[in-house]
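Report on one structure; see the data block that follows.
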Amino acid sequence: AYGNPVEVRLALDELDAAAPGPAALAEALEAARRTAETLESESGLAPSIRVYSDLQAASWQLDGPLGEALQRLAAEGRTLRVHDVGADGANTAVLSLTLSPSQLTAGGASEVRAVVRRYGPARSVRATLLLDGDTVHTETLDLGYSGEVEFQHLLQPARSGPRGVTLQLEGDELIDDDARHAILRVAEALPTLVVGRNAPTDRPDGIFEAVVRYLDLGPSGPLVVETEDPSRLRGNRLDGIGLLILADPGPLDGSAAEAVQAFLARGGGLG
(Lines give C-alpha, C1' and ligand atoms only; values in the text may rest on other atoms or scores of the structure.)
Protein backbone atom coordinates (compact mmCIF):
# COMPACT_ATOMS: atom_id res chain seq x y z
CA ALA A 1 0.00 0.00 0.00
CA TYR A 2 3.02 2.31 -0.34
CA GLY A 3 2.52 5.74 -1.86
CA ASN A 4 -1.10 6.19 -0.76
CA PRO A 5 -1.62 7.23 2.89
CA VAL A 6 -5.31 6.27 2.82
CA GLU A 7 -4.54 2.72 1.63
CA VAL A 8 -1.77 2.42 4.21
CA ARG A 9 -4.19 3.40 7.00
CA LEU A 10 -6.78 0.88 5.75
CA ALA A 11 -4.16 -1.87 5.69
CA LEU A 12 -3.11 -1.09 9.26
CA ASP A 13 -6.73 -1.01 10.46
CA GLU A 14 -7.27 -4.52 9.09
CA LEU A 15 -4.47 -6.02 11.19
CA ASP A 16 -5.40 -8.09 14.22
CA ALA A 17 -4.47 -6.74 17.64
CA ALA A 18 -1.17 -8.07 18.95
CA ALA A 19 -1.47 -10.95 21.41
CA PRO A 20 0.78 -11.19 24.50
CA GLY A 21 2.26 -14.55 23.45
CA PRO A 22 5.65 -15.21 21.79
CA ALA A 23 6.26 -13.74 18.33
CA ALA A 24 7.53 -15.54 15.23
CA LEU A 25 10.17 -12.87 14.67
CA ALA A 26 12.39 -14.84 12.29
CA GLU A 27 9.49 -15.43 9.88
CA ALA A 28 8.30 -11.81 10.25
CA LEU A 29 11.73 -10.38 9.47
CA GLU A 30 12.13 -12.62 6.43
CA ALA A 31 8.71 -11.50 5.14
CA ALA A 32 9.74 -7.87 5.73
CA ARG A 33 13.01 -8.43 3.86
CA ARG A 34 11.17 -9.82 0.83
CA THR A 35 8.71 -6.91 0.92
CA ALA A 36 11.59 -4.44 1.07
CA GLU A 37 13.11 -6.05 -2.03
CA THR A 38 9.79 -5.68 -3.86
CA LEU A 39 9.43 -2.04 -2.86
CA GLU A 40 12.95 -1.27 -4.09
CA SER A 41 12.41 -2.94 -7.45
CA GLU A 42 8.93 -1.53 -8.12
CA SER A 43 9.19 1.96 -6.67
CA GLY A 44 12.82 2.78 -6.22
CA LEU A 45 12.21 3.41 -2.51
CA ALA A 46 14.80 2.58 0.16
CA PRO A 47 12.54 1.25 2.92
CA SER A 48 13.52 0.68 6.54
CA ILE A 49 12.18 -2.19 8.63
CA ARG A 50 10.66 -1.41 12.00
CA VAL A 51 9.86 -3.93 14.74
CA TYR A 52 7.38 -2.97 17.46
CA SER A 53 7.87 -5.34 20.38
CA ASP A 54 7.51 -5.61 24.16
CA LEU A 55 10.94 -7.32 24.02
CA GLN A 56 9.92 -10.56 25.74
CA ALA A 57 13.10 -12.59 26.12
CA ALA A 58 11.32 -15.73 24.83
CA SER A 59 10.83 -14.06 21.44
CA TRP A 60 14.37 -12.68 21.17
CA GLN A 61 16.48 -15.83 21.25
CA LEU A 62 19.34 -14.90 18.92
CA ASP A 63 20.57 -18.47 18.52
CA GLY A 64 18.98 -20.11 15.51
CA PRO A 65 16.52 -18.70 12.93
CA LEU A 66 16.18 -15.20 14.43
CA GLY A 67 19.94 -14.64 14.49
CA GLU A 68 20.20 -15.88 10.90
CA ALA A 69 17.42 -13.51 9.78
CA LEU A 70 19.16 -10.55 11.45
CA GLN A 71 22.46 -11.49 9.79
CA ARG A 72 20.79 -11.56 6.36
CA LEU A 73 19.40 -8.06 6.92
CA ALA A 74 22.81 -6.78 8.01
CA ALA A 75 24.53 -8.40 5.03
CA GLU A 76 22.12 -6.60 2.67
CA GLY A 77 22.62 -3.28 4.45
CA ARG A 78 18.99 -3.01 5.49
CA THR A 79 17.98 -0.46 8.11
CA LEU A 80 16.29 -2.07 11.09
CA ARG A 81 14.78 -0.13 13.97
CA VAL A 82 13.33 -1.77 17.09
CA HIS A 83 10.69 0.11 19.09
CA ASP A 84 10.04 -0.95 22.70
CA VAL A 85 6.28 -0.80 23.24
CA GLY A 86 6.20 -2.96 26.37
CA ALA A 87 4.43 -1.61 29.41
CA ASP A 88 6.54 -1.17 32.53
CA GLY A 89 5.29 -3.28 35.40
CA ALA A 90 5.66 -6.39 37.49
CA ASN A 91 5.12 -9.97 36.38
CA THR A 92 5.54 -13.55 37.59
CA ALA A 93 6.43 -16.29 35.10
CA VAL A 94 7.05 -20.04 34.96
CA LEU A 95 10.39 -20.12 33.14
CA SER A 96 10.76 -23.90 32.80
CA LEU A 97 9.09 -27.22 33.63
CA THR A 98 10.96 -30.54 33.49
CA LEU A 99 10.12 -34.15 34.34
CA SER A 100 12.78 -36.60 35.51
CA PRO A 101 12.25 -39.14 34.13
CA SER A 102 9.73 -38.19 31.45
CA GLN A 103 8.94 -41.88 30.76
CA LEU A 104 8.22 -44.52 33.41
CA THR A 105 5.99 -47.45 34.24
CA ALA A 106 2.76 -47.25 36.20
CA GLY A 107 3.50 -46.90 39.91
CA GLY A 108 6.92 -45.37 39.28
CA ALA A 109 7.87 -41.85 40.31
CA SER A 110 8.84 -38.77 38.33
CA GLU A 111 10.22 -35.58 39.86
CA VAL A 112 8.62 -32.38 38.64
CA ARG A 113 10.95 -29.39 38.71
CA ALA A 114 10.10 -25.86 37.66
CA VAL A 115 11.70 -22.43 37.88
CA VAL A 116 9.42 -19.51 38.75
CA ARG A 117 10.68 -15.94 38.42
CA ARG A 118 9.39 -12.64 39.70
CA TYR A 119 9.96 -9.45 37.72
CA GLY A 120 9.48 -6.44 39.94
CA PRO A 121 8.45 -6.06 43.60
CA ALA A 122 8.40 -9.06 45.96
CA ARG A 123 5.26 -11.15 46.02
CA SER A 124 3.85 -14.45 47.26
CA VAL A 125 2.13 -16.49 44.56
CA ARG A 126 0.11 -19.70 44.73
CA ALA A 127 1.34 -22.51 42.46
CA THR A 128 -0.86 -25.48 41.53
CA LEU A 129 0.38 -28.74 40.00
CA LEU A 130 -2.17 -30.53 37.84
CA LEU A 131 -2.16 -34.02 36.33
CA ASP A 132 -4.56 -34.34 33.40
CA GLY A 133 -6.28 -31.19 34.65
CA ASP A 134 -6.79 -32.44 38.21
CA THR A 135 -5.06 -30.72 41.11
CA VAL A 136 -2.49 -32.93 42.85
CA HIS A 137 -0.52 -30.35 44.84
CA THR A 138 -0.60 -26.66 45.75
CA GLU A 139 1.84 -24.46 47.60
CA THR A 140 2.67 -20.79 48.10
CA LEU A 141 5.94 -19.53 46.66
CA ASP A 142 7.61 -16.50 48.24
CA LEU A 143 9.42 -14.49 45.59
CA GLY A 144 11.78 -11.66 46.42
CA TYR A 145 12.35 -8.59 44.29
CA SER A 146 13.14 -9.90 40.77
CA GLY A 147 13.98 -13.24 42.36
CA GLU A 148 13.68 -16.91 41.35
CA VAL A 149 12.51 -19.98 43.25
CA GLU A 150 12.54 -23.66 42.32
CA PHE A 151 9.36 -25.73 42.56
CA GLN A 152 9.74 -29.48 43.20
CA HIS A 153 7.23 -32.27 43.64
CA LEU A 154 7.19 -36.07 43.17
CA LEU A 155 4.47 -37.61 40.98
CA GLN A 156 3.50 -41.30 41.12
CA PRO A 157 0.81 -41.86 38.48
CA ALA A 158 -1.05 -45.15 38.82
CA ARG A 159 -2.66 -45.05 35.38
CA SER A 160 -0.72 -45.65 32.17
CA GLY A 161 -0.75 -43.61 28.97
CA PRO A 162 0.37 -40.07 28.09
CA ARG A 163 -0.36 -37.85 31.11
CA GLY A 164 -0.54 -34.07 30.95
CA VAL A 165 1.43 -32.23 33.66
CA THR A 166 0.84 -28.50 34.25
CA LEU A 167 2.23 -25.99 36.71
CA GLN A 168 -0.22 -23.10 36.99
CA LEU A 169 0.31 -19.85 38.87
CA GLU A 170 -2.55 -17.68 40.02
CA GLY A 171 -3.21 -15.03 37.39
CA ASP A 172 -1.16 -11.87 37.52
CA GLU A 173 -0.08 -8.97 35.33
CA LEU A 174 0.69 -11.11 32.24
CA ILE A 175 -1.33 -14.32 32.19
CA ASP A 176 0.28 -15.99 29.16
CA ASP A 177 3.43 -17.02 31.07
CA ASP A 178 1.63 -18.16 34.22
CA ALA A 179 1.60 -21.84 33.17
CA ARG A 180 3.84 -24.42 31.54
CA HIS A 181 2.97 -27.90 30.35
CA ALA A 182 4.75 -31.22 29.81
CA ILE A 183 3.82 -34.78 28.85
CA LEU A 184 4.64 -37.70 31.16
CA ARG A 185 4.52 -41.04 29.33
CA VAL A 186 3.48 -43.87 31.63
CA ALA A 187 3.76 -47.47 30.38
CA GLU A 188 2.19 -50.59 31.80
CA ALA A 189 4.57 -52.84 33.74
CA LEU A 190 5.83 -55.59 31.41
CA PRO A 191 4.51 -59.08 32.29
CA THR A 192 7.64 -61.23 32.62
CA LEU A 193 7.98 -65.00 33.06
CA VAL A 194 11.25 -66.43 34.42
CA VAL A 195 11.66 -70.13 33.63
CA GLY A 196 14.09 -72.19 35.69
CA ARG A 197 14.52 -74.44 38.70
CA ASN A 198 15.28 -73.67 42.31
CA ALA A 199 18.61 -74.91 43.58
CA PRO A 200 18.49 -77.90 45.96
CA THR A 201 17.90 -76.88 49.56
CA ASP A 202 21.41 -78.00 50.57
CA ARG A 203 23.09 -75.83 47.94
CA PRO A 204 23.52 -72.05 47.45
CA ASP A 205 21.04 -70.20 45.28
CA GLY A 206 21.67 -70.52 41.56
CA ILE A 207 21.07 -68.45 38.45
CA PHE A 208 17.29 -68.81 38.66
CA GLU A 209 17.03 -67.34 42.16
CA ALA A 210 19.51 -64.57 41.36
CA VAL A 211 17.60 -63.51 38.23
CA VAL A 212 14.25 -63.43 40.05
CA ARG A 213 15.68 -61.31 42.88
CA TYR A 214 17.29 -58.93 40.39
CA LEU A 215 14.15 -58.41 38.30
CA ASP A 216 11.42 -58.37 40.94
CA LEU A 217 11.43 -54.75 42.16
CA GLY A 218 8.00 -54.82 43.71
CA PRO A 219 4.65 -53.31 42.64
CA SER A 220 6.22 -50.06 41.40
CA GLY A 221 8.89 -51.79 39.31
CA PRO A 222 8.95 -51.88 35.50
CA LEU A 223 8.29 -55.65 35.40
CA VAL A 224 5.58 -57.92 36.78
CA VAL A 225 7.61 -61.06 37.48
CA GLU A 226 6.19 -64.59 37.50
CA THR A 227 8.10 -67.89 37.63
CA GLU A 228 7.59 -71.32 36.10
CA ASP A 229 9.29 -74.71 36.20
CA PRO A 230 10.57 -75.77 32.73
CA SER A 231 8.62 -79.04 32.90
CA ARG A 232 5.31 -77.13 33.05
CA LEU A 233 6.06 -74.65 30.27
CA ARG A 234 3.30 -74.95 27.67
CA GLY A 235 1.78 -72.58 25.11
CA ASN A 236 -1.11 -71.32 27.24
CA ARG A 237 1.32 -70.46 30.06
CA LEU A 238 2.80 -67.74 27.84
CA ASP A 239 -0.54 -66.04 27.12
CA GLY A 240 -0.31 -62.39 28.22
CA ILE A 241 3.46 -62.58 28.79
CA GLY A 242 5.60 -59.88 27.16
CA LEU A 243 9.09 -61.06 28.15
CA LEU A 244 10.30 -64.63 28.61
CA ILE A 245 13.59 -65.21 30.46
CA LEU A 246 15.23 -68.63 30.44
CA ALA A 247 17.30 -68.73 33.62
CA ASP A 248 19.46 -71.82 33.03
CA PRO A 249 16.41 -74.11 32.68
CA GLY A 250 18.32 -77.05 31.18
CA PRO A 251 17.09 -78.89 28.06
CA LEU A 252 13.48 -78.08 27.17
CA ASP A 253 11.17 -80.89 26.09
CA GLY A 254 9.40 -80.76 22.73
CA SER A 255 6.21 -79.08 23.99
CA ALA A 256 8.15 -76.40 25.87
CA ALA A 257 10.38 -75.69 22.86
CA GLU A 258 7.32 -75.36 20.61
CA ALA A 259 5.72 -72.96 23.10
CA VAL A 260 8.84 -70.75 23.06
CA GLN A 261 8.98 -70.75 19.25
CA ALA A 262 5.30 -69.78 18.99
CA PHE A 263 5.86 -67.05 21.60
CA LEU A 264 8.71 -65.56 19.58
CA ALA A 265 6.76 -65.82 16.33
CA ARG A 266 4.02 -63.57 17.70
CA GLY A 267 6.52 -60.91 18.81
CA GLY A 268 7.37 -61.89 22.39
CA GLY A 269 10.71 -60.91 23.89
CA LEU A 270 13.29 -63.49 24.97
CA GLY A 271 16.08 -63.06 27.48
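The values are calculated or read from the model by the stated rules, or taken from the named source; none is laboratory data. Nothing here was measured: the structure is a model prediction, and the numbers come from that model. Note that we place each Cβ from the backbone using ideal geometry, even for glycine, and neighbour counts take in every protein chain shown. For accessibility, only protein heavy atoms count, side chains too; no ligands or nucleic acids. Shrake-Rupley method; radii C 1.70, N 1.55, O 1.52, S 1.80 Å.
Structure notes:
- Förster radius 45 Å - calculated FRET efficiency between TYR119 and ASP239, Cβ distance, rounded to 0.05: 0.15
- In segment 68-155, the chymotrypsin sites (Phe, Trp or Tyr not before Pro) that fall in loop regions by DSSP, at most 15 other Cβ within 10 Å: TYR145
- Summary value for segment 59-130: 26 percent relative contact order, contacts being C-alpha pairs under 8 angstrom separated by 6+ residues.
- For segment 250-271, the residues whose amide N sits under 19 Å from a probe point set 7 Å from the Cα of SER160 along the beta carbon direction are 264, 266-271.
- Stokes-Einstein D in µm²/s, Kirkwood radius over Cα pairs - the chain at 10 °C with 1.306 mPa s viscosity: 64 µm²/s
- Among ASP142, ASP134, ASP202, residue whose mean-square fluctuation peaks in a GNM of the chain (springs only between Cα atoms under 10 Å): ASP202
- Averaging the Cα positions of each part gives two centres, and for segment 230-271 and segment 18-88 these lie 64 Å apart.
- If both residues of a DSSP beta bridge must be in the chain, then about 65% of such bridges are antiparallel.
- Two-site FRET efficiency, ILE49 against ASP132, from Cβ-Cβ distance with R₀ of 45 Å, rounded to 0.05: 0.50
- Length released on extending from GLU40 to GLU111, taking residue separation times 0.36 nm less the Cα-Cα span: 20.0 nm
- Our analysis of segment 19-153 gives Rg over Rh at 1.14, with the two radii drawn from alpha carbon positions and Rh computed by the Kirkwood formula.
- Computed from Cα atoms, the angle from the helix 65-75 axis to the main principal axis of the chain rounds to 40 degrees.
- Taking 0.36 nm per residue of sequence separation and removing the Cα-Cα distance, the SER100/GLU14 pair yields an extension gain of 26.3 nm.
- When the chain is treated as a GNM with alpha-carbon contacts under 10 Å, the residue of SER53, SER96, SER43 showing the greatest mean-square fluctuation is SER43.
- Just the protein heavy atoms count here, and of the accessible area of the chain at 1.4 Å, carbon and sulfur take up 52 percent.
- Excluding exposed DSSP-loop trypsin sites (Lys or Arg not before Pro) (at most 16 other C-beta within 10 Å), longest clean stretch of the chain: 1-158
- Computed FRET value (nearest 0.05) for ASP229 with ALA262, which takes r as the C-beta separation and R₀ as 25 Å: 0.85
- In segment 168-271, GluC sites (Glu not before Pro) in a DSSP loop with at most 16 other beta-carbon atoms within 10 Å: GLU170, GLU173, GLU188
- Accessible surface area normalised per residue over the chain is 60 Å², counting heavy atoms of protein chains with a 1.4 Å rolling probe.
- Value of [θ]222 nm, deg cm²/dmol, for the chain, DSSP H segments ≥ 4, -39500 (n - 2.57) each, nearest 500: -7000 deg cm²/dmol
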